[in-house]
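This report refers to the structure that appears directly beneath it.
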Amino acid sequence: MKEKIFVIWKDAVWSKIIATSIVSGVLWCWSFLSSGTFNLFLGIASTPISLPLWGVSLLCFAPVYSGAKYLVTINRKKLYISNLRDIIAIIDSWWPRSSGGCPQDITVDFEELEKKYNLSPGSVSKVIDEVAETNCYTAKFRGEKIATFSYQIPTLVTV
């Protein structure tokens, strides 16, 4: 529950709504504490005002726009990443790094990585060989869903 509150608070729209609610609640309580302020508030609140049609439409459109923008942001997180350069960068940043010595064999489950990073189906198998090669690994076993790579000691070329 606490995490959900922090997620809502960090959202640009909901944080403003919550802050406005808090401020209006404090002002409402303060108006009851001071009778002069309460009478002034009632005078202002009960004064009829005329708004142009564009003002009323703006007041109605702003919350709808904010809510739609919030829903688009939520749905955008569910989209698959399909740009090959982005996929290569994600897989390269995921690739286990050796901490000295010769690293062990690495087994890659393509579907697991696609789910973990919201990558488009079949995209990991397309780029995994390139990422493995840049990290000095060669394919030991390559299947449709799983691949195993072994570390290849880089050789220095002298000219």
Take Asn118 and Asn39, extend 7 Å from each Cα along the Cα→Cβ direction, and tell me the distance between the two endpoints in nm.
5.7
Sorted from largest to smallest, which semi-axis lengths in Å does the alpha carbon gyration tensor of the stretch 84-151 give for its equivalent ellipsoid, taking the root of 5 times each eigenvalue?
19, 13, 10
Under 18 Å Cα-Cα from Lys115, which aspartates and glutamates qualify once same-chain neighbours fewer than 8 residues away are excluded?
Asp86, Asp92, Glu144
Got a sec? How would Val124, Val13 order by Cβ neighbour count within 10 Å, fewest to most?
Val13, Val124
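Computed from the coordinates by the stated procedures, all read-outs in this text should not be read as laboratory data. As the structure is a prediction and not an experimental result, all values here were calculated from the model. Note that we place each Cβ from the backbone using ideal geometry, even for glycine, and neighbour counts take in every protein chain shown.
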